[in-house]
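A short write-up of the structure that comes next.
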Amino acid sequence: MPSDTTDALWNQLQAQAERGQHQEPALRDLFQRAVLNHSDLGGALADRIGRTLADGDEQAGPLADRFATLHRNNPQLQVHAWQDLEAIVTRDPAFDDLLAAFLFSKGFLALQAYRLGHQLLQQNERLLAMFIQSRCNQRLSIDINPASRIGSGIMLDHGTGIVIGETAEVGDDVSILQGVTLGGTGKESGDRHPKVRSGVMIGAGAKILGNIDIGEGAKVGAGSIVLHAVAPHTTVVGNPARQVGKPRHPRPALDMDQSFDEG
């Protein structure tokens, strides 16, 4: 994403926060603290994540400073954040602008916290990475191992109860609803979690277990238990999951059609 695009999106987010101050004066302090007091999305995210995960104000400041440094040193973090925000606004009718998604989508917040933890883990700062995972679990009810690999343009819809294991992989433009588990099948070690390819939609409460491939453009129905690989552009549903057709859209994550009357 070009820098001029990220600048334009930041200007748009700030303009929405400015308008919000007049539309809802009771939230003026929130708009100021979360958006208007910052110079870019990276700084705003660092502060918001730090405040969310910290045990009190004394810890919030150092955490926010540490996270802001990560964003300054890794510009791709901000690019991914914008792509995730746009994914929410375009796919989730509950959020009709960037400001609402930024302030109130805990799936977005947990995902950006994961991205910081993943970066820290790559820098061999395991303890802080695991702290982020643990606090997201406690505060947001979303548990994403920092060692997992997650692409951009991701929507964690509602977010509550999502679990993504250590060796899981999630491609670009994936939508995951509440209560989804990308987990292992037992006590096996090594590469033991699912590989979800680009464009996949995973319905609420689905459990995908083991080192299996969920092919590009596949759709997994709500409540399904998936223990075997799913072919690209295939819809599966049930316990155990079975093929029931093919999605109408080549990337089901983008249209969020959760029906199964497919050919």
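Here are a few things to note about the model shown:
- Of note, His228 does not satisfy the criterion of being assigned to a loop (DSSP other than H, G, I, E, B), in contact with a helix residue (DSSP H, G or I) (Cβ under 6 Å, 6 or more places away or on another chain) and either farther than 15 Å from Arg197 by Cα or not basic (Lys, Arg) (or both).
- Across segment 16-57, the number of residues qualifying as over 24 Å from the mean Cα position of the chain (by Cα) and under 17 Å from Asp96 (Cα atoms) comes to 5.
- Among the residues here, Leu70 does not qualify as closer than 15 Å to Leu13 by Cβ, of a type outside the set (S, T, N, Q) and surrounded by 15 or more Cβ atoms within 10 Å (Cβ to Cβ).
- Members of segment 73-82 found to be assigned to a helix (DSSP H, G or I) and either hydrophobic (A, V, I, L, M, F, W, C) or open to solvent by less than 50 Å² (accessible area, probe 1.4 Å) (or both), listed by number: Leu77, Gln78, Val79, His80, Ala81, Trp82
- In this entry, Asp173 is excluded by the filter for residues that are under 23 Å from Phe67 (Cα atoms), charged (D, E, K, R) and crowded, with 18+ Cβ neighbours inside 10 Å.
- Tally, over segment 208-235, of residues that are over 22 Å from His249 (Cβ atoms) and either surrounded by 24 or more Cβ atoms within 10 Å (Cβ to Cβ) or polar (S, T, N, Q) (or both): 1
- Considering Gly205, Gly190, the condition of being open to solvent by less than 50 Å² (accessible area, probe 1.4 Å) and farther than 20 Å from Arg149 by Cα is satisfied by Gly205 alone.
- Qualifying residue in segment 50-58 (condition: in contact with a Cys (Cβ under 8 Å, 6 or more places away or on another chain) and in a helix (DSSP H, G or I)): yes
- Looking across segment 10-25, just one residue is in contact (Cβ under 8 Å) with a residue 12 or more places away in the chain and among the charged types (D, E, K, R), and that is Glu18.
- Considering residues of segment 47-66 that are closer than 19 Å to Gln32 by Cα and in contact (Cβ under 8 Å) with a residue 40 or more places away in the chain only, the residue surrounded by the most Cβ atoms within 10 Å (Cβ to Cβ): Ile49
Results for (1) touching a strand residue (DSSP E or B) at 6+ places or on another chain (Cβ under 7 Å); (2) of a type in the set (S, T, N, Q), shown as yes or no for each residue.
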| position | (1), (2) |
| --- | --- |
| Ile144 | yes, no |
| Asp157 | yes, no |
| Ser175 | yes, yes |
| Gly184 | yes, no |
| Arg192 | no, no |
| Gly205 | no, no |
| Lys219 | yes, no |
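- Restricting attention to segment 236-247, the residues that are touching a Phe, Trp or Tyr at 6+ places or on another chain (Cβ under 8 Å) and open to solvent by less than 40 Å² (accessible area, probe 1.4 Å) total 2.
- Note on segment 160-191: residues that are modelled with pLDDT of 95 or more and either over 22 Å from Arg251 (Cα atoms) or in a loop (DSSP other than H, G, I, E, B) (or both) amount to 17.
- Leading residue by the ranking (modelled with the lowest pLDDT) among those in segment 250-263 that are open to solvent by 60 Å² or more (accessible area, probe 1.4 Å) and assigned to a loop (DSSP other than H, G, I, E, B): Gly263
- Those residues of segment 93-118 which are under 13 Å from the mean Cα position of the chain (by Cα) and not in a helix (DSSP H, G or I), in sequence order: Ser105
- Number of positions in segment 79-102 that are within 15 Å of Asp47 (Cα to Cα) and modelled with pLDDT under 95: 0
The values are calculated or read from the model by the stated rules, or taken from the named source; none is laboratory data. Just so you know, these numbers come straight off a predicted model, no measurement behind them. Positions of Cβ are generated from backbone atoms using ideal geometry, with glycine treated the same way; all protein chains shown enter the neighbour counts. To get the accessible areas, we keep the full protein, side chains included, count just its heavy atoms, and leave off ligands, DNA and RNA. Shrake-Rupley method; radii C 1.70, N 1.55, O 1.52, S 1.80 Å.
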